[in-house]
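Reading through the structure tokens given below for one structure.
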Amino acid sequence: MAGEKILIVDDEKSMCQYLSIMLKKEGYKVKTASDGAKAVKEVSDSNYDAVITDIRMEGMDGIEVLTAVKAIDPNIPVIIMTAYASQKTAIEALNNGAFHYLVKRAAKNDQIKMVIRNALDVHRVKSENKFLKKQLKSKDDFKEIIGKSEEIRKVFTLVDKVADTDSTILVCGESGTGKELIARAIHYRSERASSPFVSINCGALPENLLESELFGHVKGSFTGAIKDKDGLFKVASGGTFFLDEVGETSPAIQVKLLRVLQEREIIPVGGTSPIKVNARLIAATNADLERAVQEDKFRADLYYRLNVIPIVIPPLRHRRDDIPLLVEHFLEKASIKTGDKKSITKEAMTLLTEYEFPGNVRELENIMERAVILQEGEQVDVEDLPDKVRSRTCSRRNLSLDKAQMTLEELEKEYLISVLEETNWQKKKASSILGINASTLYRKIQRYGLERELMNT
């Protein structure tokens, strides 16, 4: 297609002129650079559809130009031309991502034109596919993350910015805010979207099982290991690995996670040989990891490796404008399950928008599903809402955010106590309301020193 931009890099002025005249006659926009450094700056500052570079130049040679251009934009085709042909340099160029390798004296004009046309065709197809993928992603990625408030839009913007990077992400937020949804949105907007998205809740498994799930094991490494098993890091290779509740990991697991981030390799349980892995890591926590580091409960080096780009999801009480949207969404979702479409009264909606939602979006979804199932009429009304919503309090231990000095952990402790009291300290019921498993709840009870309260009830 005429009008595409081509950069010619050669320290021989005559060669630059020759190629420039030939390609301009074909309708291409051509610019020349007399050395590698200038060429790299040009590619960095402007958009080019192809680069043609000599291999032997003073300063940066053609291989270095190739490497630098690919680092800026991997999709730009780079054609290597040289007067000093050798099999070694040709192989080196192609291994470093060159589109083609041409010998100046041997290459005819028609051959040069054909190689350039092929390179531009490939680049155009890649660019179109990338654009189409972006368009599809922009429509679908956030369909499960409902909200229009300024607070949640900031999160969406940050997701867009980081999606196409390979940086490690730490998603922070209270239980029920939708941390995994954010992780999935990042994955499906990235270049890794066609590869697996693998997730695990680090707080749901005991240490020995978690280690085996993460890193795999070899046959005979422990009782029950009857065959080799790939770990989830290996399963996620090429894609994204989401580690939820990373703050619940043991010191031994933390050491191994640090190795993955530093060396990009794992050693299966019972194994001796490291295995290279290529998975983007997104971790999530509802705990204050910075405080955990200060209290020597979490490794500082791992924390700083995980916290390259933090994404903080606001609790639902900080984005009340989104509550009506979420209510309508969950009403529709529940109605699909039950086959019974329902609306909500203005009075009930008002109560919901005034409620603190300590369990965040997950709590709201549970409330709406319960209301749709139990309500026999066409509308969800005030009396269909739980007592805690009608009284505008979670329990007798109100989680009022007027306590501005309370930390996230202190708020979590208050919420745990309120839910446990509301359920008569029935751990199974409480864990269901909290949206966590029983073992995680038990660890949190231990962490906050609540065992005595449990025994006294």
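Rule-based calculations on the coordinates, nothing more; no lab input. Bear in mind that the values here come from a model prediction, so they are computed numbers and not experimental data. In this analysis, Cβ positions are derived from the backbone assuming ideal geometry, glycine residues included, and neighbour counts consider all displayed protein chains.
Annotations
- Think of the chain as a dipole: +1 on every Lys or Arg Cβ, -1 on every Asp or Glu Cβ, centred on the Cα centre; then among W425, T223, G435, T223 lies furthest on the positive end.
- From most to least packed by mean Cβ count within 10 Å, the peptides 148-158, 429-439 give 429-439, 148-158.
- Taking max minus min of the alpha-carbon positions on each principal axis, the chain gives extents of 90, 56, 43 Å, largest first.
- Cα centre as origin, Lys/Arg/Asp/Glu Cβ charges: segment 191-287 dipole, Debye: 340
- Highest-first arrangement of 255-265, 415-425, where packing means the average Cβ count within 10 Å: 415-425, 255-265
- Amide H contacts of I344 (H built 1.01 Å from N, under 5 Å, at least 5 apart or other chain): V380
- Evaluating 6.51 cos²θ - 1.76 cosθ + 1.60 at θ = phi - 60° for every residue in segment 62-79, the Karplus couplings come out as x, 5, 5, 4, 4, 4, 5, 5, 5, 5, 6, 8, x, 8, 6, x, 10, 9 Hz, glycine and proline recorded as x.
- Computed from the Cβ-Cβ distance with R0 of 56 Å, the FRET efficiency linking K429 to N118 stands at 0.30.
- Distant-in-sequence amide contacts of G216, defined by a placed amide H-H separation under 5 Å and a gap of 5 or more residues or a different chain, comprise G231, L232, V269.
- Amide H partners (placed H, <5 Å) of I311, local residues excluded: L170, V171, C172
- Rounded to the nearest 500, the helix-only mean residue ellipticity at 222 nm of the chain stands at -14500 deg cm²/dmol, with each DSSP H run of n ≥ 4 adding -39,500 (n - 2.57).
- For the residue pairs K148/K413; K5/K104; K25/K113; K148/K337, the C-alpha atoms sit more than 19 angstrom apart in K148/K413; K5/K104; K148/K337.
- The 3J(HN,Hα) values that the Karplus relation (6.51, -1.76, 1.60; θ = phi - 60°) gives for segment 425-439 are, in residue order, 6, 7, 4, 5, 5, 5, 5, 5, 5, 6, x, 10, 7, 5, 5 Hz. Gly and Pro appear as x.
- Ordering of 17-28, 163-174 by burial proxy (mean other Cβ atoms within 10 Å per residue, highest first): 163-174, 17-28
- Couplings 3J(HN,Hα) for segment 313-319, derived from phi with the Karplus relation 6.51 cos²θ - 1.76 cosθ + 1.60 (θ = phi - 60°), are 8, x, x, 4, 5, 9, 9 Hz, where x marks Gly and Pro.
- Take every DSSP beta bridge whose two residues both sit in the chain; close to 10 percent of them are antiparallel.
- Calculated on alpha-carbon atoms, Rg and Dmax of segment 189-339 in Å: 18.5, 56
- Taking the number of Cβ atoms within 10 Å of each Cβ as an exposure proxy, the fewest-first ranking of S34, S190, S391 is S391, S34, S190.
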